[in-house]
Amino acid sequence: MTESSANKPANGEVCHRAKNGVKPGRNGFVKNHHHNHHQQPMYCYPEDKVQHTACNGSSGLGLYSRPFIESFEETPMLVAVLTYMGYGILTIFGYLRDFLRDWKIERCHIAREREEQKDFVPLYQDFENFYTRNLYMRIRDSWNRPICSVPGAKVDLVERVSHDYNWTFDYTGRVVEGVINMGSYNYLGFAENTGYCADASAEVTMKYGVGVASTRQEMGNLDRHEEMEELVAKFLGVESAMAFGMGFATNSMNIPALTGKGCLILSDELNHASLVLGARLSGSTIRVFKHNNMQSLEKMLRDAIVHGQPRTHRPWKKILILVEGIYSMEGSIVRLPEVIALKKRYRAYLYLDEAHSIGALGPGGRGVVDYFGLDPRDVDVMMGTFTKSFGAAGGYIGGRRELMEYLRSHSHSAVYAASMSPPVVEQIIASMKCIMGEDGTTLGLDRVQQLAENTLYFRRRMTEMGFIIYGNNDSPVVPMMLYMPAKIGAFGREMLKRNIGVVVVGFPATPIIESRARFCISAAHTKDMLDTALSVISEVGDLLQVKYSRHRRLPSMDRVVDHSIYDQIQD
Amino acid sequence: MAFEDVWKKISWLYYQYILVTALYMLEPWERAIFNSILVSVAGMAVYTGYVFMPQHIMAILHYFEMVQ
């Protein structure tokens, strides 16, 4: 299949050139098998992975209607060496401190075995505990910060200090007000305590109370739940939908209901812990394909169909592909058109987790399916959460009617978990109606557009300033690379000193040298807030020297590309 | 005034050194240990170079038969 699609010329229809003007034929596409290919625009270093997909025949029959630009710039060698050196120094000092604690020269604040258990198998000697004691504790004040207001575009933090190097915290009693919030998953700005959604929730609380005191199957199925599920189904464009109280539990409790022994799960390398847990709980065979890499996925599908189950070579009962809409640690968007094409060809099922992309992508805010302009009926199981864009809590699954009826009786979450609380349900209904435009205003669409503009602006300015930013140009999740362990703590603290709250991430959520700061853009951020944030980020970036990017792009969006340059490039 | 600028520059360089070697995350006494070890090793290297460089240079020149 790959050979024929590769050699087929563009199929006669009008095809748009990719924005950088690279000609369709010159893309190193000699070895076939590639839907991905490495095009080399002039300003890129060849070892960086910048993937452009022009929508002509070379990329699989014109599957993409708009340029798909993702970049994951490679770690500079010097920075990698220095990062390892930093971790080495911390490890040596960690061993020193552990020695002192063991010989009682220093007081041990963290859990350890009791005296009587000295000869038992050691509990706290593995790397994870070593890391927690000696590295995480030293910069712990950048996480678990208590907030005391609604986490909108600005948030209030409770001020705290530590006198014993983060082992214990004391509250000073003061509140840091008006911290610009770049960390909350508040993509459309629905986390607010005023406005139509909040009023509707308050009214429903007055009528139904807050607790439901039962599961959906017993006495907990309110009419608001039914209405919400119909609304979700309409929003997604599927036949039927079902909602659960917790997004994590939606994944981990429903995948076991869908697959079992004798089934194959193909899961992306960087899938979320809930998907991994659900896959493991199901008991199916799990194979991992490289992140967003369609050749890897196709190879695995072909192997699975050709060879079947491991010893008996019987065909697999089901093949389920697990992907996410936006990967929150990388900011990359799944190559959905290609995944759907593969799924149809090889008769597999697709489970799409749109936790971060629902409401945040697409012209109508309907998620990654809308963003690519595809048919929602092609995705077998559409899962998402209400936590991120809708300002509520919980998760949903949407799909065909038979699937939903099956899940209603066979899912662990449906049978055992308590139903969603009425004010949360009302918040979902109100915000979804707002996004769809059913409350008679264009507020929802305005927010979606504002988010898209904010994202584009923020990403462009960040790359211009010289930071290394991962991910797709359209994703509202912006990971900025920090690499060195000391800079993780320093970045979090310096930003808070200047009144901006950010989320910094290190090991084990990311690979050990690729620690990052992750910004989540919101529609509630005004341009002034973004400008303030960007100037502060630039200042802190200069102070900490984190502007690692080797291609400083000049600030120009509308420069006309000179097509004749490419005639002179030798391949 | 110039002294202020120089002091600020040195302070910023020290901050960069602290960040890169991850000493930023360590407690003051740990920093003192690391800095003293580093300074003593570097000092010893410089002293050895100072004392033995003339001998080494003479030996090299003798090897290349440029001087007796």
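General observations
- Amide hydrogen neighbours beyond the local backbone of residue A:324, cut-off 5 Å, H modeled: A:353
- If the convex hull is drawn through the Cα atoms of the protein assembly as shown, its volume per residue in Å³: 273 Å³
- Using only side-chain charges placed at the Cβ, +1 for Lys and Arg and -1 for Asp and Glu, the dipole size of chain A relative to its Cα centre rounds to 1280 debye.
- GluC sites (Glu not before Pro) within chain B: DSSP coil, no more than 14 neighbouring Cβ in 10 Å: B:65
- Each part gets one Cα centre, and for segment A:230-267 versus segment A:480-544 those centres are 33 Å apart.
- Estimated translational diffusion coefficient (Stokes-Einstein, Kirkwood radius over Cα pairs, 10 °C, 1.306 mPa s) of segment A:374-515: 84 µm² per second.
- For segment A:415-499, the alpha carbon convex hull comes to 214 Å³ per residue, rounded to a whole number.
- Overall size of segment A:217-305 from C-alpha positions, given as principal axis extents largest first: 47, 26, 23 Å.
- Dipole orientation for segment A:175-301: of the candidates A:206, A:175, A:276, A:276 has the Cα lying most toward the positive pole (charges on Cβ; Lys, Arg +1; Asp, Glu -1).
- If you bin all the Cα-Cα distances of segment A:108-161 at 5 Å, starting from zero, the percentages per bin are 4, 14, 17, 15, 12, 10, 11, 8, 4, 3, 1.
- Remark on segment A:293-369: hydrodynamic radius 13.7 angstrom, per the Kirkwood mean of 1/r across alpha carbon pairs.
- Rg/Rh for segment A:164-259, where both radii come from Cα atoms and Rh is the Kirkwood radius: 1.08
- Sorting A:280-290, A:102-112 by their mean Cβ neighbour count within 10 Å, with the most densely packed peptide first, gives A:280-290, A:102-112.
Each reported figure results from applying straightforward, stated rules to the coordinates on display, with no laboratory input. Because the structure is a prediction, the values reported are computed rather than measured. Positions of Cβ are backbone-derived with ideal geometry, glycine not excepted, and every protein chain shown enters the neighbour counts.
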